[in-house]
Every structure is written in structure tokens, then in C-alpha cells.
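Asker: The following block contains the structure, expressed as C-alpha cells.
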Amino acid sequence: MPHQVIDGSDVGSADVTPLVQLVAPTGERVHEPDNDGDHPGYAARVAHLTGDDLRAMYRDMVLTRRFDDEATALQRQGELALYAQATGQEAAQVGPAHALAAPDMVFPSYREHGILHVRGVDPVDRLRLYRGQDHGGWDPAEHNVALYTLVIGSHVLHATGYAMGVQRDGAVGTGDPERDTAVVACFGDGATSQGDVSEALVFAAVNDAPVVFWCQNNQWAISEPTTRQSSVPLYRRGEGFGVPSVRVDGNDVLACYAVMAEALERAHAGHGPTFVEAYTYRMGAHTTSDDPTRYRERAEEEYWRQRDPIDRLAALLRAEEHWDDDWAAGVAAEADALGETLRAGVRALGAPETTSMFDHVYATPHAQVAAERAWFERYEAETAEQTAQDAETAEVAR
């Protein structure tokens, strides 16, 4: 799997493991040499992207960050119970999302707001889970995006099983782009320490499942740095299971696009899984209940602010004369409108029916769930009756 590499220390790591980079932090292209063999170089995989394509990526990254800012503010105002920020990881989400084909299925964890944005999931629906209004928030079949998963790493097994099902349905290796399907499992560095991820890698490797393991290494699993989680770079976890693996600059949207495009190409053709470590940085807290100042240094955060993925793409757009001030103002106005829509939509969400917790637990009727629903309905009715009696008694006493 040939690729252009740079010194890993260029992106803030003490580890000097090389990684794929196509755009430097200052905005200029990194030109890779011609590669021999059947695989084109990664630069060739983005050569077809036009100025409009780059502007579309920039727009999606800006809107993803505005969504992040507004959701964080809503949580601080008591409108959400919790929220997991993705600021700083926009390139590692928008880039690969733009490489997806329509039939591809994504299994997110709980921070893939940029991927959901590109796939068209309604912004208010993305927050139903965090408001406690819904178990999920959207129809997975409508957008080919599974629901957010809060149990760390469990969905990686689900993604692998789905990919094995796709394979058995004959939806890979047909050469038909409208049929061939790949599955993408998104997870963080901390999830690689979970047994579910290792088991998923075993099943994917031995079955040549069409799945891309997209690991966003934002360097902090809550308060644990990656150095406390693994003695080797995370992409080598995949190699240990016999899965082709690559490390990419996760703040470089073009590199993320190119690496995902190659991994999807392999999966669509029936050539099995790929493990990708997108090396990025979590600029915000793990969630809104976390305080990163207790375990991170300001100097580290400032280092990564100088490598902001949105600023990097903006610099490239300017350097290649694709930037237009009127267009940029339009993107900013669209971000403002998104903020207004999100605030109004979240605040308008009513309380769900309490019995909705029993819906969709199983695909078919289930006796135990039906019995629990009936018990809960009786409990609510009896509670309501008792409350009414207590109120009547209190009124008489007055």
C-alpha cells in the first residue's frame, strides 16, 4: 500500500511514525513521488477534485464546527443532558464522508457529527439522544448511518457482522457501483483497548469482510493519553490481525479523503478490510462533563490550534485561488442559520411518550417486553390515580 509519508513529529507526536499527508499545515500541497504497482499514489486520488469540491468540504467542516458550538451551548443552558464535542476532528470526518458511495453503511460511535452532516442526517435529530428524547434519533435505513453508540467499541462488531452479511448477499465484487457496498466502523483510540474491537478485527480478517476500520486517534481517551493505551502506533493493531493498515494525518481533509477512497475501493472489490488510524486532536473536552484542563497542558492545545483543519483547507483554497470573500460570507451566514435552526428545533422537542422505551427493542413481538410494557402502563396509571387522590385530599384539607 504505497503512500507519501512525513515525519510524525510534524503533527505533534513524540512518535516519528510516518503518516499520509497531502496538504501541509501551512496550506501547500505535499507532492508524492510516482508509485509503482497496481495502486495509484494518494495524490492521484484527489487530482480530480475541483475548486467546487474543495469548497464543499470547507463548507461542511464549517457547518460541523458550528453544530458543535451550538450543541455545546445548548448543553450549558440545560437543553441537553450531555454532548460529545468533535471540534478539531472535522477533517477526519468530512474527508472520508465525501469519499463514501451511496450504498455504503456507516456505524458511528457518538462523536461523528461531521459524517452525519455529510450523509444528510437532520441536525436536530442528531441531538435527540443527548437530550434523552429518543434512543437514537433517525432512521438508519434512510441515510445508511446506524445510530450513535455509547457503549465503547461494541458497534465495531456490529459493523463487521453487517459487512459479512453484505458479503454473503453478494453485494461486493460485482463491479456495479450501485450495488457494491462497503461498511465503515468509526471509533476512537480508546476503543482499541476494548475486546470487541479485537474480535471484530479477527472476524473481518479471516472472512475478508468489506469493512473499513476508521480509528480517529484524538490522543485522549477521556483523560488517558494514547501512550497509556498502546506501546505501538494504533494502526499497527490492524497489522497484527493481518489487516492492511495505514496512518493518515487526520487534520488533512484531502489525505483523509484519499485514504478512505482507497480503503473503500478494496472493500467494494471484495478484497477485504482496511484499518486506518486518522491521527488528529480533540480540541474540546471528551464530553461536556469533562474538564481537560485537569490533564492537558495549554501549550499542547495551542500547538494543535496552529494546525486547525479548517484553517488548513482555507489556506489551500487561497493558495490555489479558489477562495472568494462573498462565497465565504455565504458559508458564514449558512452557519448562523444552522445555529438558529438547531436552537429552535431542540427547544421545541417535547417529552417522549414514556412507553416508547419499549418500542423497537426487538424486530418482532417479544413476550417479556410486552409483559414489562403492560406492568409499566399499570404502574403509571396507578401513580396518576394516587397523585390525583393526594391532590384532592390536600384541597379538602385547605
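The values are calculated or read from the model by the stated rules, or taken from the named source; none is laboratory data. Remember, it's a predicted structure, so these values are computed and weren't measured experimentally. A quick note on method: Cβ atoms are made from the backbone with ideal geometry, for glycine too, and the neighbour counts reach across all protein chains shown. Ligands, DNA and RNA are excluded from the accessible area calculation, which covers all protein heavy atoms including side chains. Shrake-Rupley method; radii C 1.70, N 1.55, O 1.52, S 1.80 Å.
Asker: Confirm whether Asp196 is surrounded by fewer than 24 Cβ atoms within 10 Å (Cβ to Cβ), modelled with pLDDT of 95 or more and more than 19 Å from Ala267 (Cα to Cα). Show your work before the answer.
Answerer: On the way: surrounded by fewer than 24 Cβ atoms within 10 Å (Cβ to Cβ): yes; modelled with pLDDT of 95 or more: yes; more than 19 Å from Ala267 (Cα to Cα): yes.
Here the answer is yes, as Asp196 does meet what is asked.
Asker: Something else about it: Return the pair list, or none, for Cβ contacts closer than 7 Å from residues in the range 74-100 that are within 19 Å of Thr50 (Cβ to Cβ) to residues that are in a loop (DSSP other than H, G, I, E, B), at least 6 apart or on different chains.
Answerer: Here the result reads Ala91/Gly250; Ala91/Asn251; Ala91/Asp252; Ala97/Arg119, each pair linking the range 74-100 to a residue that is in a loop (DSSP other than H, G, I, E, B).
Asker: Which pairs turn up if I take residues in the range 228-243 that are on the phi > 0 side of the Ramachandran plot and not assigned by TED's automatic domain parsing to the domain that holds Asn218 and look for partners that are surrounded by 15 or more Cβ atoms within 10 Å (Cβ to Cβ) and part of a loop (DSSP other than H, G, I, E, B) with beta carbon separation below 9 Å, at least 6 apart in sequence or on another chain?
Answerer: From residues that are on the phi > 0 side of the Ramachandran plot and not assigned by TED's automatic domain parsing to the domain that holds Asn218, there are no pairs.
Asker: Still on this model: With the structure loaded, tell me whether His366 is surrounded by 11 or more Cβ atoms within 10 Å (Cβ to Cβ) and either more than 25 Å from Asp134 (Cβ to Cβ) or not aliphatic (A, V, I, L, M) (or both) or whether it fails that test.
Answerer: On the way: surrounded by 11 or more Cβ atoms within 10 Å (Cβ to Cβ): yes; either more than 25 Å from Asp134 (Cβ to Cβ) or not aliphatic (A, V, I, L, M) (or both): yes.
In short, yes.
Asker: Just checking, does the range 40-50 include any residue being of a type in the set (Gly, Ala, Ser), open to solvent by 30 Å² or more (accessible area, probe 1.4 Å) and touching a residue at least 60 places away in the same chain (Cβ under 8 Å)?
Answerer: The first filter runs over the range 40-50 and keeps only residues of a type in the set (Gly, Ala, Ser), leaving 41, 43-44, 47.
With the extra rule that they be open to solvent by 30 Å² or more (accessible area, probe 1.4 Å), the set shrinks to 43-44, 47.
So of that shortlist, the ones also touching a residue at least 60 places away in the same chain (Cβ under 8 Å) come out as 43.
For the range 40-50, residues of a type in the set (Gly, Ala, Ser), open to solvent by 30 Å² or more (accessible area, probe 1.4 Å) and touching a residue at least 60 places away in the same chain (Cβ under 8 Å): present.
Asker: While we're here: Would you confirm, using the coordinates I've provided, whether Val156 is of a type in the set (A, V, I, L, M, F, W, C), touching a Lys or Arg at 6+ places or on another chain (Cβ under 7 Å) and within 25 Å of Ala221 (Cα to Cα)? Before the answer, list the steps.
Answerer: On the way: of a type in the set (A, V, I, L, M, F, W, C): yes; touching a Lys or Arg at 6+ places or on another chain (Cβ under 7 Å): no; within 25 Å of Ala221 (Cα to Cα): yes.
Answer is no for this residue.
Asker: In the list Thr355, Thr364, Thr341, which residue meets the criterion of being out of contact with any helix residue (DSSP H, G or I) (no Cβ under 8 Å at 6 or more places or on another chain), polar (S, T, N, Q) and touching a residue at least 12 places away in the same chain (Cβ under 8 Å)? Reasoning before the result, please.
Answerer: Numbers: Thr355 fails: out of contact with any helix residue (DSSP H, G or I) (no Cβ under 8 Å at 6 or more places or on another chain); Thr364 fails: touching a residue at least 12 places away in the same chain (Cβ under 8 Å).
Within the list Thr355, Thr364, Thr341, the selection yields Thr341.
Asker: Right, something else. In the list Ser245, Ser223, which residue meets the criterion of being of a type in the set (Ser, Thr, Tyr) and at pLDDT below 95?
Answerer: Result: Ser223 is the single residue among Ser245, Ser223 that is of a type in the set (Ser, Thr, Tyr) and at pLDDT below 95.
Asker: Filter the helices (runs of 4 or more DSSP H) completely within the range 263-356 down to those with at least 2 residues that are among the acidic types (Asp, Glu). Break it down into steps so the answer makes sense when it comes.
Answerer: Numbers: elements: 298-305, 309-319, 325-348.
By residue number, 298-305, 325-348.
Asker: Next up: Kindly check whether there is at least one residue in the range 211-225 that is in a helix (DSSP H, G or I), open to solvent by less than 40 Å² (accessible area, probe 1.4 Å) and in the same structural domain as Pro108 (by TED's automatic domain parsing). Write out each step before concluding.
Answerer: Step one: of the range 211-225, the residues in a helix (DSSP H, G or I) are none.
Within the range 211-225 (the criterion being in a helix (DSSP H, G or I), open to solvent by less than 40 Å² (accessible area, probe 1.4 Å) and in the same structural domain as Pro108 (by TED's automatic domain parsing)), the answer is no, since none of the residues qualifies.
Asker: Working only within the range 250-266, note down all residues that are among the acidic types (Asp, Glu) and open to solvent by 10 Å² or more (accessible area, probe 1.4 Å).
Answerer: Going through the range 250-266, the residues among the acidic types (Asp, Glu) turn out to be 252, 262, 265.
If the condition is that a residue be among the acidic types (Asp, Glu) and open to solvent by 10 Å² or more (accessible area, probe 1.4 Å), then Glu265 is the only one that fits.
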